[in-house]
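What follows is a set of notes on a single structure, which appears directly below.
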Amino acid sequence: MNPTVSTRRIAWPALIAVVALAAIAPLLVSDFFLSAILTKALWLGIAAASLIFLAAYGGMVSLAQVGIYGIAGMAYANLVLADGGAAAAVNPYLALVAALLIATLVGLGFGWIAARSEGIYFLMITLAFSVLVYYFFSQVTGLSGFGGINSVDLPGIVGSPEQDPLPRYLVTLVVAVLVFLGLGVLSRTAFGLGMQGVRDEPARMRALGFDVTLHRTLAFGIAAFVAGIAGVLSVFYNTRITPGSINLAQTIDVLIVAVIGGLYRLEGAWLGALTYALIDNYSREWVPEVGNVLGPARFNTLIGVLFLIIVLASPGGLIGIAEQLSRKVKTPRRAPAPMPAPQTVD
Amino acid sequence: MFRRSHVALVAALAAGAVAGCGSESGSGSASGDGAKKAATDGGGGEPIKIGFLSDCEGAFGSFFEPTASGANLALIKYAGAKPAGEKPTDGVTGATIAGKPVEIVGYGCADDTADKAIEETRRLMEQEDADILIGPLSGDEGIAVANYAKEHPDKTFVNGIAGAQDSTLKVGAPNFFRFHPDGAQWSAGLGDYAYNKLGWKKAAIIGDDYSFPYTSLAGFVAEFCAIGGQIPKRVWAPLGEEDYSSYISQIPKDVDGLYVGIGGSGLISFIKQYEEQRGRVDTERMLGNVFWDDPLVLKEVGKSLVGGVTSAMTAADSDSPDVAAYIQGLKDNYGDEIAGAGPSVFTYGYYTGMTALIKGLEAAGGDVADQSKLQAELAKVTLSGEEAPWGDVKLDSNRQAISNVFLKKIVEDTTGDGVPDVQTFARVNDVDQTFNGAFSADTPAPDRENPKCEAGEAPPWVGQSEDVSFGE
Amino acid sequence: MQQFVTVTLNGLTLAALYFVVASGFTLIFGLMRVVNMAHGSLYLLGGYIALEIQTRWFTSDSGLGLSLSGKSDAEYSVFAWLIPLVLATLIIGVIGVVLQQVFLRWNQGQDLRQALITIALSVILADQMLAYFGGISKDIAAPSAWPTSITLPGEVRFGFFRGVVVLSAAVLIGLGLYLIIKRTRFGKIVRAGVDDREMVSALGINVNRVFIGMFFLGALLAGIGGVLGGTMISLAPGQDTAFLLNSLIVVIIGGMGSLGGAAIGALALGLVDAYADVYLVFGDLDLTNYSIIVTFALLVGVLAFRPLGLYGRPA
């Protein structure tokens, strides 16, 4: 694990520049780009950030994040007025709070079970959670069923995105920035430092009187809260949710986003999500047709190959590559900086 | 050092922003290319852009080319188009409506899930900038697209062949039109036939667990129960299931009959596994929904289905010259294999949908800038003769077709091609979506338990089906 | 009673198929601590390769091939099934070895990275299979001479291929694996390797060759599973992840790396699945539609009490 992860401070000038650019982006780009690329990258980034938070600070690579954001999204969609589901017609703001609460509680429950296993077992168990959530909503027709929930009522602050996507974009942007700052601050609190201690030296922490399982469970709960935010925003984005929006493919996609961006840095989540959204939408236009192997319809091959290259060559993701490059530029004569230590879990 | 990476992030975002601007103008020129590809001769002005949405994956993936052939045939017959290649999805060239060139911006491929359908719809409507969508194919997709339509009142949507009741009865999008009967309407007359002709008192039903089979079986349940029948067991298998064995073992044996609402490739698996478990498909105690006499199904498992009764809006054995002309049109343009799938409701639904759309566009002068005119015209469109060779179509106030339905029996091969054939024996006229009020916007949507099996007022066509016999 | 026997047989045959696939998965993990997330892709690819061989060599096709299951009405001899079976499984075995040598050999020990690599491979393989074989479900034809079904005492009918071929194949494979592990030199090395890998290599045994052998065997089992499953049920996009998940559940229940655990896990999964599909009825409350949730409840239940599965041992 890359030990430098934790000590970084937020680079305010760069953050302000990015946010400023993002804030004026609506003036520069089309509505389609604003929705399908930027808004999607922002909420997908929040989902990936919850994964990266657990991986970077807690050493837990979780595939349950999509399951949890599915719970939040489904809870929200069931609580408000919608076509399908329970359609309880609750006030959207109230539903939003309830949805986040439910997702966090379920996340704590999942975390309690999963926190006792580590590494690859943790990966598999959390994968099982996500699939369980998918099947639950597929089969329980009272809450969703295969057809899902359509025309979900949105809170007033989001406006009617099909007419004007700008308010939704701005809301998503603000929330994403808050999530980034919040997780960054949290990682430097006593709790965050404890997480990193548990990650690196669980036995020693235990000897120090630390309740390791509890600490990991709480971390999982926090990540669940963040994933829940992504889930509600994804419903704002799609105005609908179905089991297909939270299936195994989506689980893998969020993992891909996190890995492409960089599994050890929070900002990697949004870089990965932006890359993903751009490739998703524009690969059809520039990818040449090579027999059956490559072509406009072969988005998954493209993203899979990119994912593979990143995993093989740079476990730090695109952020890691950028760092290596900048190191090389700074110290051209010296031996190249060591790669981030490959992660092992024993 | 970390600042550098933030700079890189800024650069990436900026590059993204530039790419966005670039690609916006890029997509403008791309659509120009598309117009070249499709149609530039034969008319000036902005082309009318139509998106086509069907399934090329999943249980109904085999119907991708047949559905495209139906839509294309309408353009060929009524808009002067020519096929651009051997395969229907190669597209058409030279189509014009009301003097304007018509472009199919893409043949969208979904997989019978609502998510993929919406993803493809978004791509066709927002990225490829289509004015009108024709599609989709399957139940849940239809509901999702109807909801999407409601959020985009400035565009127009003509259903392909998705049969879920809700998409017209409940969603109520004023710009969503369906020119074929829904799944429940297709079952009209079967309940009457089962109760009064076959003497069934108790029937079980089995179907895939999503909105189209719900609708399809709802049509049977509403009619069968209204006149006194009972449904002791409903079995549902998850959509995409290929292993039906455990569902087959749930079918009770102490009932008079079974109504089967399984579709697409699932039906093939079901038939094979039913034979394994029960020795043979006891078709004399079975009714099937629209899939049973689909040409593709007959080709593969038809021999096991001989004796089974089914119903839908097409009848392969029809001797009407309009039907012959329709089949011949498919044959002339796409050959025997596609023409063989002509009597499939899948081909036919896209054909009538596109035909109606062309008529509506003609009446609206090809105006797609303000589509309220087109939508008003479409609501008034009626189809007859070669436009709807299996029976006249008109729309109700929910923009849902009212048309006729045929009852058919699957019989041993009579034409000598080794594939069992269809013998039509009755026609139910003027079937409407509400089943005489059994279904309305206020009744619960068809699902695993609904409609409840209750005796009540029978639909008007009970006892009124008209005996027909083609080719004798 | 009749129904109970049928349902039990359903569960057993599913368990047999799950066992064949999961045994390869668990053996690879047991020796090498590699979680091969591309195992399901090897399963599906094995089935597709067999189907391709069968259609190319043993049938003639023409036109657009409009068809719902991709099968024509042709007659198939026993060889038209056996030859594709043998070839496809060997090819998949070799593919498994290539995969291990190219992508996994040099990062042995980094189990999370290896899992990510195989996830990437499975994403690519799934998309390429979709491009080449299409999105429509297809099935491999069983020999025409074999009966469709058999009748057991008590008038119970059951599919021949499912009930006889798949079940006996699973029993034979289980026995074969047991003998290989218990009686051969390879098996001894494997058992020793499971307990202490460093010691095995310190003894001068070429660990790489053992790893190659194990990956060949594990992938081969996925391939056999693919052909059996493709004949018994069908081949379609999504079956790869379905069988990866099945294998995961089987080995999580049974314990990673344990062959006996895989057998128990497969039986538990297959039978719980089959019974829950039919018997989850309490008076008027019919919960059969929620059966799959029971499977996961089983999984979570096992994990809550035995985090390493029934037969699992700490790594």
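Each reported figure results from applying straightforward, stated rules to the coordinates on display, with no laboratory input. It should be emphasised that the depicted structure is a prediction, and the values quoted were computed from it without experimental measurement. So basically every Cβ, Gly included, is an ideal-geometry build from the backbone, and we count neighbours across all protein chains shown.
Overview of results
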quantity	calculated
Peptide-level mean, for B:261-270, of C-beta atoms on other protein chains within 10 Å	3
Bins of 10 Å from zero: percent of alpha-carbon pairs in segment A:288-332	25, 33, 26, 14, 2
Sorted peptide list for C:16-29, A:280-293, A:161-174, criterion being average Cβ within 10 angstrom, highest first	C:16-29, A:161-174, A:280-293
Relative contact order computed over segment B:222-368 (Cα-Cα under 8 Å; 6+ residues apart), in percent	16 percent
Residue-wise HN-Hα coupling along segment B:203-213, computed from phi with Karplus coefficients 6.51, -1.76, 1.60 (Hz; x: Gly, Pro)	9, 9, 10, 9, x, 6, 8, 7, 5, 5, x
About the Cα centre, charge dipole magnitude for segment A:50-200 (Lys/Arg +1, Asp/Glu -1 at Cβ), debye	380 debye
For B:I402, distant residues with modelled amide H under 5 Å away	B:K394, B:L395, B:D396
Relative packing of peptides C:196-203, C:139-146, C:256-263, A:226-233 - highest average C-beta neighbours within 10 Å first	A:226-233, C:256-263, C:139-146, C:196-203
Length-normalised contact order of chain B in % [C-alpha pairs under 8 Å, at least 6 apart]	17 percent
Descending Cα extents along the principal axes, segment A:125-218, whole Å	57, 35, 16
Positive-end residue of A:V259, B:A144, A:V174, charge dipole of the protein assembly as shown with Cβ unit charges	A:V259
Net charge, B:Q250 excluded, C-beta distance under 12 Å - Lys, Arg +1, Asp, Glu -1	+1
Percentage relative contact order, segment A:3-270, counting C-alpha pairs under 8 Å, at least six apart	37 percent
Spin-label model distance (nm) - C:F186 vs B:K197, 7 Å beyond Cα toward Cβ	6.3 nm
Among beta bridges that DSSP assigns inside the protein assembly as shown, antiparallel share in %, nearest 5	50 percent
Segment B:117-183-segment C:81-152 distance, computed between alpha-carbon centres (Å)	38 Å
Of B:K359/B:K408; B:K49/B:K170; B:K82/B:K116; B:K77/B:K100; B:K202/B:K272; B:K299/B:K331, pairs whose Cα-Cα distance is over 20 Å	B:K359/B:K408; B:K49/B:K170; B:K82/B:K116; B:K202/B:K272
For A:275-284, mean number of other protein chain Cβ atoms within 10 Å	3
Highest-first arrangement of C:173-185, C:149-161, where packing means the average Cβ count within 10 Å	C:149-161, C:173-185
Amide hydrogen neighbours beyond the local backbone of C:R157, cut-off 5 Å, H modeled	C:L152
Table column - 3J(HN,Hα) (Hz), segment A:20-25, Karplus curve with 6.51, -1.76, 1.60, x for Gly and Pro	4, 4, 5, 6, 8, 3
Long-range Cα-Cα pairs in segment A:3-270 (distance over 33 Å), rounded percent	19 percent
Amide hydrogen neighbours beyond the local backbone of B:C56, cut-off 5 Å, H modeled	B:A110
Alpha carbon centroid spacing (whole Å) that separates segment A:40-109 from segment B:394-465	42 Å
Per-residue mean of C-beta atoms belonging to partner chains within 10 Å, peptide C:286-292	6
